[in-house]
Structure formats: structure tokens, C-alpha cells
Amino acid sequence: MTMPNESVTEYVIEAKDLGFQVGRQKLLSGINLRIKKGEHWLVYGMNGCGKTTLMSILAGFRQQTQGELQVFGEPFTNENVLAQRKRIGWVSSSFFDLRYRHEPVLDIVLSGKFGTYGTGWDITSADHNHAVDLLTAFGLEDKRYLSYDRLSKGQRQNVLLARAFMNRPELLLLDEPYSGLDVLAKARFMELLNQLMQQEDLTVLFVSHEINDVREQFTHTIMLRNGRLFAQGRTEELFQEKQLSSFFQQPVQMHTVQQTTIAPADNHRKLSVELFR
Amino acid sequence: MQKQNEKRLDVLKKRVQRCVCKSCGGPLSLRQLDYNEFEDARIELFCEHCDKLEFGIEPELYTSAQYYVDEYRVNFYPDMGNNQMTRRMSISYVADIMNWAMQHMGYLTKEGFTVAPDMEGKILQECIVLNDQMADDLEKELMP
């Protein structure tokens with residue numbers, strides 16, 4: 001349904017009754033979403049609730065078995081899927097760890113240019129240099145010829161982050177991007193993400209279990225439970241004790257605690273925003 | 001867009017018949033990675049031997065790179081030791097450079113070489129079939 005004076009293409013993501021089924025098992029069903037350009041959404045849910053499946057469908061790497069999906073105002077088709085994927089930066093170690101094994105790190109980053117898993121023919125020196133610059137920014141400049149499976153979990157995560165930024169994406173789908181990162185790498189990426197999110201045209205969906213890390217940055221939240229949309233709306237409205245107790249199906253309490261955190265000093269070498277956007 | 005995507009799949013189909021893995025020199029295969037209707041996005045070139053996605057390289061370039069690495073005992077990864085893995089990584093590295101050079105000199109396109117390569121026999125490691133007389137002569141020559 002389109003509201004008056006509201007263009008369909010205003011939505012970066014529009015899902016109607018989206019579902020995904022493998023055999024007789026429904027992994028996702030009844031997902032209705034409308035995400036506007038420049039919005040920042042948190043995707044929240046317990047293990048196995050379908051977060052990664054949803055993100056992989058939104059990224060064009062899986063196809064829904066029910067419902068309709070439009071990304072950038074168009075459904076994914078055989079003709080446009082690669083072009084659409086190039087506009088999306090997707091990070092998901094739980095997805096890509098099942099696909100990548102012995103591929104060289106540089107090839108994986110370069111594959112981001114094509115929106116595919118592997119590389120292609122048209123790799124220019126500018127592409128190569130951009131990929132190396134991204135790897136350098138993530139501290140992997142000396143690992144570019146190593147195979148993916150020889151890296152630590154945190155290093156693999158950084159490779160996927162570099163891959164996601166190969167095309168300077170308009171839509172960022174980050175599936176637990178802090179997973180495996182050391183404390184300084186996490187702080188540096190959080191800082192970069194904050195800067196990127198200040199740009200009005202970047203839409204971000206962020207899957208995380210660590211709500212304290214991200215809650216303030218994300219104005220909207222999707223709560224998934226057992227493959228269904230439990231709730232969606234403004235983050236501050238959803239993260240209330242009553243709402244969360246209902247979501248977790250047991251009483252929960254929210255505490256604000258003073259935390260000791262480690263972050264790079266103010267004068268540290270920051271990740272340059274220009275490299276990523 | 002349709003034309004562009006058709007080209008990608010066509011290119012992959014041609015490469016699988018013509019090209020080899022730049023690490024091991026083995027044949028490539030087409031592998032479907034996802035179950036969906038997007039044919040152009042779900043198929044990739046794959047090396048079964050190395051168990052990895054591999055866009056491949058012209059076999060003549062692989063052979064040249066392999067000869068170069070073996071003959072000149074090149075190891076670009078001395079920190080990782082002298083082993084089969086570093087040998088393959090070095091061959092892959094040299095093959096990449098050769099591929100780049102050929103491409104930028106205009107001898108190589110995504111359809112293959114624009115000029116038919118005329119390679120030295122020793123690089124190709126050609127087999128020579130000897131008859132009994134030739135074998136006897138060779139034996140006398142080597143062990144007088």
C-alpha cells in the first residue's frame with residue numbers, strides 16, 4: 001500500500017508477507033518491512049530466529065519462497081540481481097564462512113566489485129588498489145595472498161568488511177559485524193560506522209546481540225522470533241521491560257550499569273571515511 | 001543488462017573449457033553455490049583439486065609460471081617455508097603477473113589469446129616417443 005504523495009521507490013527495502021521455506025520447515029514467514037533511505041535499523045532476535053536468512057534474502061543471495069520483496073524499488077531478477085548486489089554491502093561470517101574456504105583474501109575482497117562469490121575479468125588497477133587500501137585499513141595488508149581458512153575469526157570478519165565496502169555501498173547489511181573483532185578493531189569500526197551513518201543516503205541494517213553497543217545509534221528496530229516478525233518500530237519504544245519480557249517470554253529487567261571500556265586514544269589513526277564511501 | 005549477464009555466464013562456460021586453476025593447473029568446473037532462480041548469480045568457476053572458487057588462467061600462462069618458479073627456484077613466501085603450498089602460491093603470483101602483462105600488451109582478452117602462443121618445447125615439457133632404435137642410440141650416447 002502506497003501512502004498519498006509517497007513514492008514506492010522511496011523505500012530502499014519493501015517486503016510484503018516475505019517467507020522462506022526449506023522443505024517443510026518454515027525459516028521465515030509473514031515478514032512485512034518498509035525501510036526508507038537513510039534509516040538505521042537494528043535487527044534483534046535470539047539464536048536461530050532467522051536473522052541471517054532474512055539478511056541473505058535482502059542482500060539478494062537467497063530468494064524468498066513466499067511474498068514479495070523490492071530492494072531499491074525493484075524485485076530481484078536474473079537480469080538485475082548482480083547490479084543490485086553491487087549497491088549492497090553485506091557482511092555475514094555465518095553465511096560466507098560456509099562458502100569461502102581456500103580462496104585468497106584479495107580475491108574475496110575483489111569479488112565485492114562483481115556482486116558474486118568469485119572474481120571476474122574486469123579488474124582494473126584502481127580496483128586492485130582500492131581492495132589493497134581496504135585490507136590495509138583493516139590491518140590485513142600482508143595477508144592478501146593467504147587463503148581465507150588460514151585467518152583467525154576476527155581477520156576473516158575484517159576481510160568480509162573490506163569486501164562489503166569494495167563498491168561504496170548505498171545499503172549496508174551487517175550481520176554481527178563485531179563478532180570476533182578484538183577490542184581496538186571493534187572500537188575503530190564502531191567509530192567508522194558512526195561517521196558513515198551521519199551521511200544521509202546510507203541505509204543500515206545491523207544484526208547484533210549486544211544491544212548496549214548499538215542501541216543509541218539505531219532509531220528503528222526489528223524484533224524477530226521463531227522466523228516471524230515479533231515487533232518493529234522505534235528502538236526506544238521497543239526496548240522497554242514490558243516489551244522485552246513479552247519478547248523473551250519471561251520477565252526481564254533492564255539495568256543501566258557503568259562500564260569500563262577500552263578505546264583507542266583520541267589521536268589514534270582513524271579509518272578514513274573517504275575510503276569507504 | 002540481460003546482454004551483460006548473458007555474457008558473464010557465456011564467459012564462464014568458455015573459461016571452464018579453456019582455462020586452468022592458477023594454483024594447481026588443474027581443470028575447472030562450473031559449480032552452483034545457491035539454490036535460487038538467479039542463474040547468473042549462483043554459478044561460479046571452481047577448482048575441485050584446490051577446493052576453492054577460481055576464475056582461472058590460460059593454460060599456457062600457468063605452464064610458463066610453473067616453469068619459471070621451478071626452474072628458478074622462486075619462493076615469494078620464504079617465511080612460510082619451502083613446501084607445496086608456497087610453490088603453488090608462488091606459481092599463482094607469477095601467473096597473475098604474466099596475465100596482467102599479456103592483458104596490458106593486448107595479447108590476451110577474456111576470450112583468450114589474440115595471437116596463438118608458440119611455446120618452447122622445454123617449457124611445455126613435451127613427451128618424446130622413442131622407438132627401440134632411438135632408445136638404444138640414446139642409451140649408447142648417455143652410457144658409452
Residue list for segment A:30-42, restricted to those being touching an Asp or Glu at 6+ places or on another chain (Cβ under 8 Å) and outside any loop (DSSP other than H, G, I, E, B): A:Gly30, A:Ile31, A:Asn32, A:Leu33, A:Arg34, A:Ile35, A:Lys36
One residue from A:Leu42, A:Leu54 being touching a residue at least 60 places away in the same chain (Cβ under 8 Å) and out of contact with any His (no Cβ under 8 Å at 6 or more places or on another chain): A:Leu54
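Can A:Met166 be described as of a type outside the set (Gly, Ala, Ser), more than 13 Å from chain B (Cβ to nearest Cβ) and within 28 Å of B:Ser29 (Cβ to Cβ)?
Working: of a type outside the set (Gly, Ala, Ser): yes; more than 13 Å from chain B (Cβ to nearest Cβ): yes; within 28 Å of B:Ser29 (Cβ to Cβ): yes.
Considered against the rule, which asks whether it is of a type outside the set (Gly, Ala, Ser), more than 13 Å from chain B (Cβ to nearest Cβ) and within 28 Å of B:Ser29 (Cβ to Cβ), A:Met166 comes out as yes.
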Among (1) touching a Ser or Thr at 6+ places or on another chain (Cβ under 6 Å); (2) within 27 Å of B:Asp40 (Cβ to Cβ) - the single one A:Phe165 does not satisfy: (1)
Hits in segment A:196-218 - residues which are over 18 Å from A:Glu274 (Cβ atoms) and among the polar types (S, T, N, Q): A:Thr203, A:Ser208, A:Asn212, A:Gln217
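Based on this model, can you work out whether B:Cys47 counts as more than 21 Å from A:Thr124 (Cβ to Cβ), modelled with pLDDT of 95 or more and not charged (D, E, K, R)? Don't jump to the end; show me each part of the working.
Working: more than 21 Å from A:Thr124 (Cβ to Cβ): yes; modelled with pLDDT of 95 or more: yes; not charged (D, E, K, R): yes.
Answer is yes for this residue.
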Residue tally, condition aliphatic (A, V, I, L, M) and touching a Pro at 6+ places or on another chain (Cβ under 9 Å), over segment A:160-211: 8
Matching option when the condition is surrounded by fewer than 19 Cβ atoms within 10 Å (Cβ to Cβ), within 14 Å of chain A (Cβ to nearest Cβ), under 14 Å from the mean Cα position of the chain (by Cα) and closer than 21 Å to A:Ser111 by Cβ, among B:Asp51, B:Asp96, B:Asp34: B:Asp96
Those residues of segment A:140-149 which are closer than 21 Å to A:Phe189 by Cα and within 13 Å of chain B (Cβ to nearest Cβ), in sequence order: A:Asp142, A:Lys143, A:Arg144, A:Tyr148
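Is it the case that A:Val81 is closer than 18 Å to B:Glu44 by Cα and facing chain B (nearest Cβ under 9 Å)?
On the way: closer than 18 Å to B:Glu44 by Cα: yes; facing chain B (nearest Cβ under 9 Å): yes.
Judged against the criteria, A:Val81 is a match.
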Pairs, first more than 13 Å from chain B (Cβ to nearest Cβ) and over 17 Å from A:Phe276 (Cα atoms) in segment A:87-115, second surrounded by 22 or more Cβ atoms within 10 Å (Cβ to Cβ) and of a type in the set (A, V, I, L, M), C-beta under 7 Å, six or more apart: A:Ser92/A:Met55; A:Ser93/A:Leu160
Residue within segment A:126-139 that is facing chain B (nearest Cβ under 10 Å) and without any contact (Cβ under 8 Å) to a residue 12 or more places away in the chain present: no
Residue tally, condition within 19 Å of A:Asp175 (Cβ to Cβ) and either in a helix (DSSP H, G or I) or in contact with a Cys (Cβ under 6 Å, 6 or more places away or on another chain) (or both), over segment A:97-127: 4
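Return yes or no: is B:Ser29 small (Gly, Ala, Ser) and facing another protein chain (nearest Cβ under 10 Å)? Outline the logic, then answer.
Working: small (Gly, Ala, Ser): yes; facing another protein chain (nearest Cβ under 10 Å): no.
Answer is no for this residue.
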Residue check, A:Asp122 out of contact with any strand residue (DSSP E or B) (no Cβ under 7 Å at 6 or more places or on another chain) and surrounded by fewer than 16 Cβ atoms within 10 Å (Cβ to Cβ): yes
Residues satisfying the stated conditions in segment A:231-254, i.e. part of a strand (DSSP E or B) and crowded, with 17+ Cβ neighbours inside 10 Å: A:Gln232
Every residue from segment B:104-131 that is modelled with pLDDT under 90 and assigned to a helix (DSSP H, G or I): B:Gly121, B:Lys122, B:Ile123, B:Leu124
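Output yes when any residue across segment A:175-196 is out of contact with any strand residue (DSSP E or B) (no Cβ under 9 Å at 6 or more places or on another chain), within 14 Å of another protein chain (Cβ to nearest Cβ), surrounded by fewer than 22 Cβ atoms within 10 Å (Cβ to Cβ) and not charged (D, E, K, R), and no when none is.
no
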Selected residue [under 20 Å from B:Glu54 (Cα atoms), within 21 Å of the chain's Cα centre (by Cα) and surrounded by 15 or more Cβ atoms within 10 Å (Cβ to Cβ)] from A:Val91, A:Val105, A:Val132: A:Val105
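Quick one: is A:Val159 in contact with a Ser or Thr (Cβ under 9 Å, 6 or more places away or on another chain) and buried (at least 22 other Cβ atoms within 10 Å of the Cβ)?
On the way: in contact with a Ser or Thr (Cβ under 9 Å, 6 or more places away or on another chain): no; buried (at least 22 other Cβ atoms within 10 Å of the Cβ): yes.
So A:Val159 fails the test.
The values are calculated or read from the model by the stated rules, or taken from the named source; none is laboratory data. Predicted model, so just to flag it, every value in this text is computed and none were measured. FYI the Cβ positions are ideal-geometry reconstructions off the backbone, even for glycines, and counts take in every protein chain you see.
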